[in-house]
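The values are calculated or read from the model by the stated rules, or taken from the named source; none is laboratory data. Predicted model, so just to flag it, every value in this text is computed and none were measured. FYI the Cβ positions are ideal-geometry reconstructions off the backbone, even for glycines, and counts take in every protein chain you see.
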Amino acid sequence: MCGIVGYIGNRNSLPIIIDGLKHLEYRGYDSAGVSIINSDKKIYSFKKAGKVSIMDDAIDKDFYTGSIGIGHTRWATHGVPNDINAHPHFDMYDNIVIVHNGIIENYKYIKTRLIEEKYTFITDTDTEVLANLINYYFRKTKNFEKAVRMALIEVEGTYGIACLCAEEPDKIIVARKGSPLMLGIGNGETIVSSDASAIINHTKNVVYLEDGDMAVLTKQGFFLKSVEDKDIFRNTEVLDFLIDEIEKGGFDHFMLKEICDQPETIQNTYRGRINFETGVVKLGGLEHVMDKLINAKRFIITACGTAWHAGLVAEYMIEQFCGIPVEVEYASEFRYRRPIIRTDDVMISISQSGETADTLAAIREAKKFGATTIGVVNVIGSTIAREVDAGTYIHAGPEIGVASTKAFTSQLMSLALITLMIAGEKKTLPDKTLIEIAQELKNIPEKIKHMIDMREEYKKVAEVFKDTKNFLYLGRGYNFPVALEGALKLKEISYIHAEGYPAAEMKHGPIALIDEYMPVVFIAPKDRTYEKIISNIEEVKARKGRIIVVASDDDEQISSYADHILRVPTTLPIFAPILNVIPLQFLSYYIAAARGCNVDQPRNLAKSVTVE
Ligand code: AGP
């Protein structure tokens with residue numbers, strides 16, 4: 001997601017816009033830019049890759065002195081982060097300039113049409129397409145407001161926009177559909193922003209725009225209409241947040257916000273990539289290596305930490321559904337053990353940041369031996385994303401909490417999509433199974449939301465165990481990596497020692513740890529290993545272990561074994577890790593919060609380990 005700020009009034013707009021962008025940097029920070037209408041009624045733009053402070057330090061503040069302007073801090077979705085792709089974007093005639101937050105899904109179709117109308121483009125962004133589409137209609141109507149309206153009616157996808165017009169340099173036009181936008185109503189001035197953190201220092205009177213709303217801002221005030229040109233009315237609200245609360249969306253920590261964002265981020269991961277009627281998956285970034293993927297003799301998955309846990313889940317999925325051998329490697333180990341790598345190997349590297357040194361080194365090692373490398377990455381234009389032969393972005397948005405949550409579930413969803421795409425191409429899955437999986441995929445966001453709505457139940461369990469010294473996490477099959485991930489979440493934010501094991505491994509040593517002080521978390525949905533894990537639970541119960549079970553919401557017999565139950569909706573095994581990790585994310589979060597730990601920035605940890 002990106003951050004948008006605009007100002008129109010009687011003050012110098014630049015400092016207000018830059019200060020606002022700095023408050024919005026938690027939304028995205030790979031490049032930033034402004035467009036200001038100076039007293040000569042001309043639009044002047046300045047934009048730089050990197051954080052807002054880089055643009056702030058470089059811009060000539062004595063030149064950009066106009067009282068109307070728009071600004072943007074970017075989280076790239078189309079086009080790598082660089083000066084050219086930074087917003088604002090002009091149309092080819094330098095008449096319309098726009099900042100945009102969202103994804104225009106039909107931008108390629110619109111771009112093709114505009115190219116036929118002799119339009120040219122200088123960036124890879126969907127936003128530049130919108131700027132040219134608005135100008136296309138401006139040239140027909142000679143009316144800025146009408147041109148914006150006509151362009152937006154054609155757009156499919158999501159947008160929050162603010163735009164200026166060189167031929168009508170006395171107004172800002174804003175509109176929203178699927179990306180937040182609001183107006184701060186000041187004394188003779190109006191500020192538009194993606195959220196209140198850029199407004200609250202200037203006014204507490206705000207108007208929240210709704211999807212389909214459009215507003216024309218002038219120095220005399222603003223007027224609201226729908227994109228379809230219908231009159232609308234919106235109440236003026238009074239803000240009573242603190243800035244810090246706004247950036248966290250009212251949650252106590254970014255980690256809790258990101259856990260609760262997962263219904264939306266999972267949708268962003270699969271949006272536009274799967275046909276729910278046929279089960280056919282299309283991942284544009286992998287199409288040119290499809291033959292390598294379906295003819296691979298082996299997949300080598302390399303990653304670190306949480307991303308490595310996602311890789312373990314992918315091993316089960318790919319071997320089961322595609323019939324291709326998979327090995328999962330800690331990147332740090334792989335790069336130094338002189339591995340055997342062949343040219344018909346495919347390396348899948350998973351990395352939220354796209355900057356993890358060990359994972360990057362493993363990719364370079366594989367490339368040296370001619371293997372095909374693909375990336376499953378969150379940060380667009382990151383080093384790993386640029387160095388692999390192909391890849392797919394997980395579209396989880398910026399993850400601020402050091403403990404990875406929404407990125408993990410989006411990694412799992414991306415890996416499931418890759419699995420389904422290969423299985424579809426290799427015909428290793430019957431069509432009806434592909435369709436059944438695609439139909440269930442649609443239900444996943446709602447099932448996650450169900451657990452978010454019942455998070456107080458998980459919190460009650462967490463409060464029982466907040467002073468515990470050790471934990472064991474046990475799971476079988478797809479849920480063994482979930483056990484590892486649950487243990488990692490707990491130890492990295494609460495500093496409680498926790499270990500994950502395959503449940504059947506208990507008898508090979510760890511069961512010696514069981515006594516009345518040892519809580520054991522079993523991930524035990526009603527799947528084909530359920531009876532086996534019940535016997536593991538009985539072994540622990542017989543030794544007075546304290547039993548916490550992640551159990552299906554329709555499991556009625558589990559209460560005779562468990563001391564505490566964390567309920568999850570049922571789903572297909574391929575999606576079980578995505579659902580079963582959610583209560584463990586909440587469990588670790590609430591234990592750490594109850595212990596007063598620094599949940600978003602735990603001691604000793606960095607969000608991205610860019611050194612060995
Ligand atoms: C996860 O909660 C940790 N923050 C850490 O294990 C992380 O997953 C690991 O460092 C890999 O980072 P990456 O996904 O950015 O490569």
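Data for the structure
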| item | result |
| --- | --- |
| Exclusive hit being of a type in the set (A, V, I, L, M) and in contact (Cβ under 8 Å) with a residue 40 or more places away in the chain, set Ile173, Ile115, Ile122 | Ile173 |
| Failed item, numbered, when Asn201 is tested on (1) part of a loop (DSSP other than H, G, I, E, B); (2) free of Cβ contacts under 8 Å to residues at least 60 places away in the same chain | (2) |
| Looking only at the stretch 537-582, and only at residues there that are among the small types (Gly, Ala, Ser) and closer than 27 Å to Tyr316 by Cα, the one that is surrounded by the fewest Cβ atoms within 10 Å (Cβ to Cβ) | Ser552 |
| Failed item in (1) aliphatic (A, V, I, L, M); (2) touching a helix residue (DSSP H, G or I) at 6+ places or on another chain (Cβ under 6 Å); (3) closer than 20 Å to Gln411 by Cβ, with Ala498 passing the rest | (3) |
| Count of residues meeting criterion [of a type outside the set (A, V, I, L, M) and under 15 Å from Gln557 (Cα atoms)] in the stretch 514-528 | 4 |
| Cβ pairs under 7 Å, 6+ apart, first in the stretch 485-506 and over 15 Å from Leu605 (Cα atoms), second surrounded by fewer than 23 Cβ atoms within 10 Å (Cβ to Cβ) and acidic (Asp, Glu) | Ala487/Glu499; Met506/Glu539 |
| Criterion violated by Asn604 - all others in (1) within 16 Å of the ligand (Cβ to nearest atom); (2) farther than 25 Å from Leu513 by Cβ; (3) exposed (fewer than 15 other Cβ atoms within 10 Å of the Cβ) satisfied | (2) |
| Meets criteria (within 13 Å of the ligand (Cβ to nearest atom) and outside any loop (DSSP other than H, G, I, E, B)) for Ile374 | no |
| Qualifying residues in the stretch 389-415 (those that are within 13 Å of the ligand (Cβ to nearest atom) and among the β-branched types (Val, Ile, Thr)) - the one farthest from Ala310 (Cα to Cα) | Ile400 |
| Matching residues in the stretch 177-196 - criterion: being under 25 Å from the mean Cα position of the chain (by Cα) and either at pLDDT 95 or above or small (Gly, Ala, Ser) (or both) | Gly178, Ser179, Val192, Ser193, Ser194, Ala196 |
| Test result for Asp83, surrounded by fewer than 19 Cβ atoms within 10 Å (Cβ to Cβ), touching a Gly at 6+ places or on another chain (Cβ under 9 Å) and among the acidic types (Asp, Glu) | yes |
| Lone unmet requirement of (1) within 14 Å of the ligand (Cβ to nearest atom); (2) at pLDDT below 95 for Pro510 | (1) |
| Yes/no for Ile418 being modelled with pLDDT under 95 and over 12 Å from Ala307 (Cα atoms) | no |
| Residue among Ser404, Ser414 that is under 27 Å from Thr571 (Cα atoms), outside any loop (DSSP other than H, G, I, E, B) and touching a Ser or Thr at 6+ places or on another chain (Cβ under 6 Å) | Ser414 |
| Close pairs from the stretch 309-334: first farther than 25 Å from Ala361 by Cα and touching a residue at least 24 places away in the same chain (Cβ under 8 Å), partner charged (D, E, K, R) and surrounded by fewer than 19 Cβ atoms within 10 Å (Cβ to Cβ), Cβ under 8 Å, at least 6 apart | Cys322/Lys426; Gly323/Lys426 |
| Residue count for the stretch 265-308, restricted to those that are among the β-branched types (Val, Ile, Thr) and touching a Leu at 6+ places or on another chain (Cβ under 7 Å) | 3 |
| Top-ranked residue of the stretch 86-111 - restricted to ones that are over 24 Å from the mean Cα position of the chain (by Cα) and touching a residue at least 60 places away in the same chain (Cβ under 8 Å), ranked as surrounded by the most Cβ atoms within 10 Å (Cβ to Cβ) | Ile96 |
| Residue match in the stretch 483-493 (condition: among the basic types (Lys, Arg), surrounded by 15 or more Cβ atoms within 10 Å (Cβ to Cβ), away from the ligand (no atom under 16 Å from the Cβ) and assigned to a helix (DSSP H, G or I)) | no |
| Residue match in the stretch 496-513 (condition: surrounded by 20 or more Cβ atoms within 10 Å (Cβ to Cβ) and farther than 24 Å from Trp308 by Cα) | no |
